[in-house]
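Chemist: Okay, here's the structure, questions in a sec.
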Ligand code: ACO
């Protein structure tokens, strides 16, 4: 057996999937055959979920039924809401709070926890409930933390619109609701990214869907993955406050050995197509508000990183200024990523259960193979 180490599993193909395809040289992303640009322009997040989980776009009736079923699952059990309250009051990090709350959802799920964990119909129902409840958890956490009462979900609003309503206790205007829905569409799936892979590893042991999603939330939280979007905004604000020009600020950061968040990608060698779409949104929001400062600053950094360092922006780069201009608190950017990517996690877990084999790679042992045992008191 070869002992060649593929650090970070770079380039290793471990599964077949029909969910999403990435061409990293062309900057192309498709979900089940549909170009991301088409989906961003035309599809709602609910439509994308249906596509990912059921394999084809829904008819109008199918979409209505699917959306209604999911909207009816938004409310949290009192015990879960109570836990969210305790976590917010204990000043827990939003992603850690989400991880704990998602894990807790299994105790209150209507499907029997003793049932076959690989049962597709049961997992589709559980998946709908988890996806429906994540926005309620995130919004409730934010409101309680800020000293406000949580806002009950409304069934008559779409997934994206309802989240913004619960967050601000006010129906969002159409532009904000559509922008947010589009951001959810863009983040829904992306091949075997780290958090998705984590959900697959968990489900490959025939553990249950809630465990798989809980693992994935924990994996998404890190700054090299979903945590990057919040760090991009912190960087833009630091740059703004420093009074330096973007080039000098970036150079200083690189000289210190820091990574510039929102740049580089394991799969893309060119600009991430999602960054293109979100960049346009960031510009539009700035123009509508009469201040394109955050967009312009981002473009300056992008040009410098691309020309001088050969690194292109990933999805997290322009989502930061987009969310900021929508008034969303910075530490909710990663939970929002989870709110969307849960669709991909569940899709990949369903695929994993359908054709399961335990995921279990090996390490090349580099430790000692010849030590003599010395009794504890003689060391
Ligand atoms: N800033 C500065 N240098 C970078 C960056 C960056 N953002 N990204 C990569 N590089 C450099 C590395 O220092 C390395 O240089 P070296 O070969 O001279 O040491 C080279 O580019 C290759 O980088 P790796 O870390 O080996 O690439 P890898 O594929 O392992 O990492 C990753 C990809 C983690 C995304 C990396 O580009 C990074 O840290 N980016 C910043 C964090 C980020 O934006 N994460 C979000 C990714 S998208 C997503 O998860 C939604």
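Bear in mind these aren't lab numbers, they're just calculated from the coordinates by the rules spelled out. As the structure is a computational prediction, the values presented were derived from the model and not from experiment. FYI the Cβ positions are ideal-geometry reconstructions off the backbone, even for glycines, and counts take in every protein chain you see.
Chemist: At residue 224 and residue 355, where each label point lies 7 Å from the Cα along Cα→Cβ, what is the point-to-point distance in nanometres?
Modeler: 2.8 nm
Chemist: If one computes P(r) from the Cα atoms of region 180-276, what percent of pairs lie at distances over 18 Å?
Modeler: When all Cα pairs of region 180-276 are counted, 59 percent exceed 18 Å.
Chemist: Convert 20 °C to kelvin, take the viscosity as 1.002 mPa s, use the Kirkwood radius over C-alpha pairs of region 243-346 as Rh, and evaluate the Stokes-Einstein diffusion coefficient in µm²/s, rounded to a whole number.
Modeler: 147 µm²/s
Chemist: Please quote Rg/Rh for the chain to two decimal places, taking the Kirkwood radius as Rh and restricting both calculations to Cα atoms.
Modeler: Taking Rh as the inverse mean 1/r over Cα pairs, Rg/Rh reads 0.99.
Chemist: Per the helix-only calculation at 222 nm, which mean residue ellipticity applies to the chain, given -39500 (n - 2.57) for every DSSP H run of n ≥ 4 and division by its residues, nearest 500 deg cm²/dmol?
Modeler: -18000 deg cm²/dmol
Chemist: Report the Cα centroid-to-centroid distance between region 250-273 and region 299-361 in angstrom, as an integer.
Modeler: Rounded to whole Å, the Cα centres lie 14 Å apart.
Chemist: Okay, moving on. What is the order of 74, 154, fewest Cβ neighbours within 10 Å to most?
Modeler: By the 10 Å Cβ count, ascending, the order reads 154, 74.
Chemist: Follow-up. Using the Cα gyration tensor of region 1-157, with a ≥ b ≥ c the square roots of its eigenvalues, what is the shape: rounded (a/c below 1.5), prolate (a/b larger than b/c) or oblate (neither)?
Modeler: prolate
Chemist: Right, next: Given 0.36 nm per residue, what is the gain on full extension from residue 258 to residue 241 after removing their alpha carbon distance, in nm?
Modeler: That works out to 4.3 nm of additional length.
Chemist: Give me the one-decimal nm value for the distance between modelled label points at residue 287 and residue 75, 7 Å along each residue's Cα-to-Cβ direction.
Modeler: Label at residue 287, label at residue 75, 4.4 nm between them.
Chemist: Out of every Cα-Cα pair in region 284-339, what percent are more than 15 Å apart?
Modeler: Every Cα pair in region 284-339 considered, those over 15 Å come to 53 percent.
Chemist: Give me the base-10 log of I(q)/I(0) for region 110-260 at each q in 0.15, 0.17, 0.21 Å⁻¹, Debye formula, one uniform scatterer per Cα, rounded to two decimals.
Modeler: -1.03, -1.18, -1.32
Chemist: Report the residue, chosen from 290, 27, 264, that carries the largest GNM mean-square fluctuation when the chain is represented by alpha-carbon nodes joined by springs under 10 Å.
Modeler: Between 290, 27, 264, it is 290 that shows the largest mean-square fluctuation.
Chemist: Still on this structure, please answer the following. For region 44-84, report the translational diffusion coefficient in µm²/s to the nearest whole number, using Stokes-Einstein at 37 °C, 0.692 mPa s, and a Kirkwood Rh over Cα pairs.
Modeler: 286 µm²/s
Chemist: I'd like the distance between the alpha-carbon centres of region 49-104 and region 125-171, rounded to an integer number of Å.
Modeler: If we compute the Cα centre of each part, the gap is 9 Å.
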